[in-house]
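Beneath this line is the structure, given in C-alpha cells, with notes to follow.
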Amino acid sequence: MPVPDYQTVMLPLLRLAASAPEHRFRDAVEALADEFSLTPEERSELLPSGQQPVFSNRVGWANTYLKQAGLLEGPRRGVFRPRASLAYALAFRGSLYARPQMGSHPSMLGGSLFQTGSQDMRE
C-alpha cells in the first residue's frame, strides 16, 4: 500500500483524537502507521528534501487542516486534543471533504465538513 495522502489520514486521525483527552503527535503517527499497515520502508520514506518522513508530513498536514476546521486544538507543541465540535462531526460518519472545501465547515464560514455521496449533510 502506498503512503496515504493527508485527506485519507483525516478521518482516522479524528477517530484517534476522540479516543483520549490528549495525544502526542509522535505517538499518533505511529498509531496511524499501524492502522494503515505501513511497512518499515513506507514509514521511513523521506520527502525529497530528505528532512522528514512522508507519512509524518501527511499526518502533520491532516492535523493542521483539522485544527483550522476547529475540530482539533494544539495546547502545546507536539500535542493535540479534540475540541467539542469533534463529537458532533464524528456523529455523521461521513467522508471528509478535500481541503479546498474545508473553508465551508461550520466553524469556518457556515458550511459542512462532511459529505455523504453527492449530498451535503445539511440537506
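At a glance:
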{"item": "Cβ charges +1 (Lys, Arg) and -1 (Asp, Glu), total dipole of segment 6-93, debye", "result": "440 debye"}
{"item": "Cα-Cα P(r), segment 6-93, percent of pairs per 5 Å interval", "result": "3, 14, 27, 25, 17, 9, 4, 1"}
{"item": "Built amide H within the under 5 Å cut-off of LEU72, gap 5+", "result": "LYS67, ARG83"}
{"item": "Spin-label proximity, ARG24 to segment 53-73 - amide N less than 12 Å from point 7 Å beyond Cα toward beta carbon", "result": "none"}
{"item": "Per-residue HN-Hα couplings for segment 23-40 [Karplus 6.51, -1.76, 1.60; θ = phi - 60°; Hz; x = Gly/Pro]", "result": "9, 7, 4, 4, 5, 5, 4, 5, 4, 6, 4, 5, 4, 7, 6, 6, 6, x"}
{"item": "Selected from ALA17, ALA28, PHE55, residue furthest toward positive end of dipole (segment 1-69; charges at beta carbon)", "result": "ALA17"}
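Each reported figure results from applying straightforward, stated rules to the coordinates on display, with no laboratory input. Keep in mind that what you see is a predicted model, and the values were worked out from it rather than measured. Quick reminder, even Gly has a Cβ in these numbers, built from the backbone with ideal geometry, and neighbours come from all protein chains shown.
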